[in-house]
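Asker: First the structure, then my questions, so here it is.
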Amino acid sequence: MSLSYCAIDFETANSFRGSPCAVGLARVVDGRLVETHRRLMRPPEGYDDFDAFNVLLHGITGKMVAHEPRFGDILPEIIEFGDGLPFVAHNAAFDMGVIREACGASEIAWPQLSYACTLVLSRLTWKLLSYSLPWVAAAAGVQLDHHHEPEADALAAGSIMVAIAREHGADCLEGLLSTTGVRLGALTPGEWFGCHRASFQHFIPVAKEDANPNNPLYGRNIVFTGELSSMTRETARQVVASVGAQPQHDVNKRTNILVMGYQNAAVLRPGECLSGKARRVEELRAAGQSIEVMCEADFLQNLKA
């Protein structure tokens, strides 16, 4: 594996991650930039409203993308530009989340790809006050004149990766990951796992088989969204597993319950679910799947039942 990859950056139309309106790409081969690409697109149907805040950030409006193909038509073009290389993004969790959520909203399968995150790697490289893209670009000696312009952000992420490799004395992506103890993230049509330090266990506990079957949560598949006030997300997963429920990372066709943290408690009304997971629940419910959405207080009451 050489220092070759395709840097990527999405901009979204609104607060839903699955609403991409533009993508920037920068292909780097053997540590050298060989090509960049910028593409406007319409977000998936039903998720193509443009929020004023997002427009203020990136300057892209609904009128500018009105005649562009939708995300589902652009995705093959993005994958083809990557040319089979790993993708790289600054805060790749966001950009890969865009792909997952937009695929779900478009009713198409997730693509197969691997990816690395310059946010994860920059935290292992420099001691900074902030690890936002402008701060990391400055630390790496990378010029970033137009933050939130997708091609500029992708180019910055690609250049930052070169600088990170140089800091660690690595001449290939494989060597850099080995030195820092970071593993590539991966996305396949059936599952995904993130890019983070190999020693970090993003652990999903298994439901306790001999739990009390009379508990209302027993045998249910549960996803959490938002921040819980009573416990951490990790503790919540352990607790539901202990009563015989199976915690999940993301909403899918096996999900029975979505628990919403306190900052989302005010949006438990039809049509007002703001998180990507909640929107996915609405889609699956519309398709006939039975999923219950509950606030944290109701979740805690069910735990004690």
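The values are calculated or read from the model by the stated rules, or taken from the named source; none is laboratory data. Remember, it's a predicted structure, so these values are computed and weren't measured experimentally. Don't worry about glycine lacking a Cβ; one is built from the backbone with ideal geometry, like all the others, and counts go over all protein chains shown.
Asker: Here are PHE94, PHE16: which of them is surrounded by fewer than 20 Cβ atoms within 10 Å (Cβ to Cβ), aromatic (Phe, Trp, Tyr) and within 15 Å of the chain's Cα centre (by Cα)?
Answerer: PHE94
Asker: Would you mind stating whether ILE78 is over 16 Å from GLY276 (Cβ atoms) and not in a loop (DSSP other than H, G, I, E, B)?
Answerer: On the way: over 16 Å from GLY276 (Cβ atoms): yes; not in a loop (DSSP other than H, G, I, E, B): yes.
Answer is yes for this residue.
Asker: Tell me, which residue of region 212-268 that is of a type in the set (D, E, K, R) and modelled with pLDDT under 85 is nearest to ARG280 (Cα to Cα)?
Answerer: Restricting to residues being of a type in the set (D, E, K, R) and modelled with pLDDT under 85, the top hit is ASP250.
Asker: Which residues, taken from region 45-59, are farther than 24 Å from ARG280 by Cα and over 21 Å from the mean Cα position of the chain (by Cα)?
Answerer: LEU56, GLY59, listed by residue number.
Asker: Hey, GLY158 hits all of (1) assigned to a loop (DSSP other than H, G, I, E, B); (2) surrounded by 19 or more Cβ atoms within 10 Å (Cβ to Cβ); (3) assigned by TED's automatic domain parsing to the domain that holds ASP9 but one; which does it fall short on?
Answerer: With (1) assigned to a loop (DSSP other than H, G, I, E, B); (2) surrounded by 19 or more Cβ atoms within 10 Å (Cβ to Cβ); (3) assigned by TED's automatic domain parsing to the domain that holds ASP9 applied to GLY158, the lone miss is (1).
Asker: Can you pull out every residue in region 19-62 that is under 30 Å from ALA170 (Cα atoms) and surrounded by 15 or more Cβ atoms within 10 Å (Cβ to Cβ)?
Answerer: Hits for region 19-62 are VAL23, GLY24, LEU25, ALA26, ARG27, VAL28, VAL29, GLY31, THR36, HIS37, ARG38.
Asker: Among the numbered criteria (1) under 29 Å from ALA287 (Cβ atoms); (2) at pLDDT 85 or above, which single criterion is violated by HIS196?
Answerer: So HIS196 meets the others, but not (1).
Asker: Please specify each residue of region 29-44 satisfying the condition of being over 16 Å from PRO150 (Cβ atoms) and more than 21 Å from the chain's Cα centre (by Cα).
Answerer: Scanning region 29-44 gives VAL29, ASP30, GLY31, ARG32, VAL34.
Asker: Going by the structure shown, is GLY18 touching a strand residue (DSSP E or B) at 6+ places or on another chain (Cβ under 9 Å) and closer than 29 Å to TYR5 by Cβ?
Answerer: Considered against the rule, which asks whether it is touching a strand residue (DSSP E or B) at 6+ places or on another chain (Cβ under 9 Å) and closer than 29 Å to TYR5 by Cβ, GLY18 comes out as yes.
Asker: How many residues does region 126-146 contain that are more than 14 Å from ASN91 (Cα to Cα), in contact with a helix residue (DSSP H, G or I) (Cβ under 6 Å, 6 or more places away or on another chain) and outside any helix (DSSP H, G or I)?
Answerer: 5
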